[in-house]
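A.B. asks: If you scroll down you'll find the structure; I have some questions about it.
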Amino acid sequence: MNAFEAIGRKLHTTVAVLVPVGLYTSAVWFFFGNFGWQVALALALTLPITLLTAAFVWYLNIGGIYQAIRHRA
C-alpha cells in the first residue's frame, strides 16, 4: 500500500504543476498568439518573473507590517 501512496503523491504533485502551466501557456498563446510566436514566447517567459518579483516585494512589506503590529502589541 505504501508504494501506491508514494506514486499517488508524485502524480498529484505533477498534475498540480502541469495543469496551471498548461492553462497559462494556452491563455498566453490565445491572447497574444496573433502577434507571432516570438511575442507570445517573450511574454510567457517575462510575465512570471515580473509577477514573482512583485509578489516577493508584497510579501516583504506585509511581513514587516505584521512584525511591527506584533511588536507593538
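A.B. asks: Any residue in segment 2-11 that is over 19 Å from the mean Cα position of the chain (by Cα) and not in a helix (DSSP H, G or I)?
C.D. replies: No, segment 2-11 contains no residue that is over 19 Å from the mean Cα position of the chain (by Cα) and not in a helix (DSSP H, G or I).
A.B. asks: Pairs under 9 Å by beta carbon, first residue under 30 Å from Phe30 (Cβ atoms) in segment 44-73, partner at pLDDT below 85 and not hydroxyl-bearing (Ser, Thr, Tyr), six or more apart or different chains?
C.D. replies: Here the result reads Ala44/Val28; Ala44/Trp29; Ala44/Phe32; Leu47/Val28, each pair linking segment 44-73 to a residue that is at pLDDT below 85 and not hydroxyl-bearing (Ser, Thr, Tyr).
A.B. asks: On the basis of being among the polar types (S, T, N, Q) and in contact with a helix residue (DSSP H, G or I) (Cβ under 9 Å, 6 or more places away or on another chain), does Thr53 make the cut? Break it down stepwise before answering.
C.D. replies: Values: among the polar types (S, T, N, Q): yes; in contact with a helix residue (DSSP H, G or I) (Cβ under 9 Å, 6 or more places away or on another chain): no.
No.
A.B. asks: Can you pull out the residues in segment 13-68 that are of a type in the set (S, T, N, Q) and under 19 Å from the mean Cα position of the chain (by Cα)?
C.D. replies: Initial filter on segment 13-68 (of a type in the set (S, T, N, Q)): 13-14, 25-26, 34, 38, 46, 50, 53, 61, 67.
Of everything in segment 13-68, those that are of a type in the set (S, T, N, Q) and under 19 Å from the mean Cα position of the chain (by Cα) turn out to be Thr13, Thr14, Thr25, Ser26, Thr46, Thr50, Thr53.
The values are calculated or read from the model by the stated rules, or taken from the named source; none is laboratory data. From a predicted model like this one, the values you see are computed outputs, not experimental measurements. For neighbour counting, all protein chains shown are included, and Cβ atoms are generated from backbone atoms with ideal geometry for every residue, glycine included.
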